[in-house]
Amino acid sequence: MYKYLLKKFSALDRNQPTSKQEILPLPKEWETAEEERDETEGKAEEERREEKHKEKRRSIKRSKIWLKPQGLLVPDPCPMACMKNYLLPILGICLAYYYYSADEEFKPEMLQGKKVIVTGASKGIGKEMAYHLAKMGAHVMVTARSEEALKKIVSDCLKYGAASAHYIAGTMEDMTFAEQFIAKAGKILGGLDMLILNHITSATMEPFAGDIALVRRSMEVNYISYVVMSMTALPMLKRSNGSIVIVSSMAGKMASPLVAPYSASKFALDGFFSSLRTEYSVAKVNVSITLCILGLIDTDSAMKAVSGVLNAEAAPKEDCALEIIKAGALRQEEVYYGKLGWSSLLLENPGRRILEFLSLRNYNMEKFINN
Ligand SMILES: NC(=O)c1ccc[n+]([C@@H]2O[C@H](COP(=O)([O-])OP(=O)(O)OC[C@H]3O[C@@H](n4cnc5c(N)ncnc54)[C@H](OP(=O)(O)O)[C@@H]3O)[C@@H](O)[C@H]2O)c1
């Protein structure tokens with residue numbers, strides 16, 4: 001008995017067939033018992049296989065039901081479902097992108113009589129935007145801290161043909177000022193069609209050495225004040241089906257050394273306003289949000305900041321200012337401007353857009369729209 005079992009197990013160990021003939025002949029009295037055992041084992045094996053099969057089918061069903069909400073990472077076992085769930089929407093995005101990116105023509109008359117606010121307008125790109133808007137016949141409201149510079153810009157705007165031109169001076173470090181500025185501007189203008197947020201706190205280009213005050217100031221001036229002003233202006237913009245235009249930078253789309261606090265504030269703008277845009281599009285709020293991604297522009301501050309630090313060609317501020325206004329008037333989601341070459345194609349990041357579009361299906365937005 002011992003010998004028989006030993007041989008049988010060693011055969012099993014080597015993964016060999018365990019037919020009785022190959023092993024020791026069984027004693028007669030065991031043979032019937034052995035056959036009965038084989039039969040029961042066979043049945044049990046068959047039942048195990050059947051159970052395994054059923055479990056597999058159940059797990060496929062479960063994956064269809066439960067793994068779907070996790071979205072893109074889980075492959076759907078059925079190719080038709082995969083096509084319906086993923087390929088068709090991606091194709092849809094490509095077509096929509098192609099359709100919407102087809103150049104709609106900009107006409108300066110689009111801004112005629114429009115009520116527009118430009119922040120950071122005492123110099124640089126902001127000042128150029130004020131001048132373009134004036135030439136297009138808009139009502140212009142400008143702000144910054146330097147009152148003298150603003151006075152001069154208002155009088156220039158009137159000379160250039162603005163329907164009206166006003167200024168309110170103050171600092172965007174103060175959120176109460178940011179809020180009150182919009183309220184006052186709305187009263188003076190009698191409403192609002194376009195809010196162009198462009199100001200930034202001054203900063204030099206250098207390795208970050210722990211200046212937390214600068215991080216805080218950058219976030220407050222370059223980001224929080226933008227949120228405060230947009231939210232205060234929203235009721236007016238909803239009434240006019242207006243536009244919010246956010247002036248940002250390549251440093252708000254990609255890691256850029258020597259400007260960490262600035263870069264953080266520009267990334268924050270993208271995160272906040274791109275999320276807001278998605279909410280508005282789902283909730284059918286007809287206020288457009290345009291994010292302007294600029295490369296190096298030849299303003300005095302930028303030229304001074306990059307001098308001896310960055311080798312890059314600068315684009316003209318007058319042209320840049322016009323492109324920002326055009327993008328806002330055409331209600332584009334994003335615009336890239338500067339001597340960017342192929343960089344803009346890479347920064348546009350179609351992968352992110354596809355993910356954003358597809359992930360929307362996982363949210364129950366109805367809950368908020370109907371309330
Ligand atoms: N120039 C570039 O190479 C470049 C590249 C990428 C992105 N951008 C973006 O383009 C926009 C304009 O840049 P720019 O080069 O034209 O800047 P800029 O010439 O330095 O102008 C900045 C404006 O912000 C105002 N400002 C500064 N601190 C303020 C505060 N605490 N409160 C209120 N206003 C304040 C300034 O006026 P006061 O000093 O009178 O307050 C000025 O009008 C910015 O958003 C910037 O990030 C520029």
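The values are calculated or read from the model by the stated rules, or taken from the named source; none is laboratory data. Given the structure is predicted, the values throughout are model-derived calculations rather than measurements. With ideal geometry, Cβ positions are generated from the backbone for all residues, glycine too; neighbour counts draw on all protein chains shown. Accessible surface is based on the protein model in full, side chains and every heavy atom, while ligands, DNA and RNA are left aside. Shrake-Rupley method; radii C 1.70, N 1.55, O 1.52, S 1.80 Å.
Yes or no: Ile369 over 28 Å from His199 (Cβ atoms) and surrounded by 17 or more Cβ atoms within 10 Å (Cβ to Cβ)? Can you show your working first?
Numbers: over 28 Å from His199 (Cβ atoms): yes; surrounded by 17 or more Cβ atoms within 10 Å (Cβ to Cβ): no.
It is false that Ile369 is over 28 Å from His199 (Cβ atoms) and surrounded by 17 or more Cβ atoms within 10 Å (Cβ to Cβ).
Yes/no per residue for (1) open to solvent by 40 Å² or more (accessible area, probe 1.4 Å); (2) β-branched (Val, Ile, Thr); (3) within 23 Å of Leu345 (Cα to Cα):
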residue: Arg239; (1), (2), (3): yes, no, no
residue: Ile244; (1), (2), (3): no, yes, no
residue: Gly252; (1), (2), (3): no, no, yes
residue: Ala264; (1), (2), (3): yes, no, yes
residue: Leu269; (1), (2), (3): no, no, yes
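Looking only at the range 260-271, decide whether some residue is within 10 Å of the ligand (Cβ to nearest atom), over 21 Å from Glu356 (Cβ atoms) and among the hydrophobic types (A, V, I, L, M, F, W, C).
No: zero hits.
Of the residues that sit in the range 127-152 and are within 14 Å of the ligand (Cβ to nearest atom), closer than 21 Å to Gln180 by Cβ and not hydrophobic (A, V, I, L, M, F, W, C), which one is least open to solvent (accessible area, probe 1.4 Å)?
Looking at residues that are within 14 Å of the ligand (Cβ to nearest atom), closer than 21 Å to Gln180 by Cβ and not hydrophobic (A, V, I, L, M, F, W, C), I get Thr143.
Considering only residues of the range 195-226 that are within 11 Å of the ligand (Cβ to nearest atom) and of a type in the set (Val, Ile, Thr), which is farthest from Gly124 (Cα to Cα)?
Val221
Looking at (1) part of a strand (DSSP E or B); (2) within 9 Å of the ligand (Cβ to nearest atom), can you tell me which one Val335 breaks?
Val335 satisfies every listed condition except (2).
Rundown of residues vs (1) closer than 19 Å to Val116 by Cα; (2) within 16 Å of the ligand (Cβ to nearest atom); (3) of a type in the set (Ser, Thr, Tyr); (4) open to solvent by 30 Å² or more (accessible area, probe 1.4 Å), yes/no style:
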position	(1), (2), (3), (4)
Val287	yes, no, no, no
Ile293	no, yes, no, no
Pro316	no, yes, no, yes
Gly341	no, yes, no, yes
Leu345	no, no, no, yes
Glu348	no, no, no, yes
Leu355	no, no, no, yes
Met365	no, no, no, yes
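Test Pro235 against the stated conditions and say whether it is under 25 Å from Lys339 (Cβ atoms) and of a type outside the set (Phe, Trp, Tyr). Outline the logic, then answer.
Working: under 25 Å from Lys339 (Cβ atoms): no; of a type outside the set (Phe, Trp, Tyr): yes.
No; evaluated as a whole, the condition is false for this residue.
Which residues, taken from the range 107-126, are within 13 Å of the ligand (Cβ to nearest atom) and of a type outside the set (Gly, Ala, Ser)? Give the derivation first.
Taking the range 107-126 as the starting set, the residues that turn out to be within 13 Å of the ligand (Cβ to nearest atom) are 117-126.
Matches in the range 107-126: Ile117, Val118, Thr119, Lys123, Ile125.
Confirm whether Ala305 is touching a residue at least 60 places away in the same chain (Cβ under 8 Å) and within 14 Å of the ligand (Cβ to nearest atom).
On the way: touching a residue at least 60 places away in the same chain (Cβ under 8 Å): yes; within 14 Å of the ligand (Cβ to nearest atom): yes.
In short, yes.
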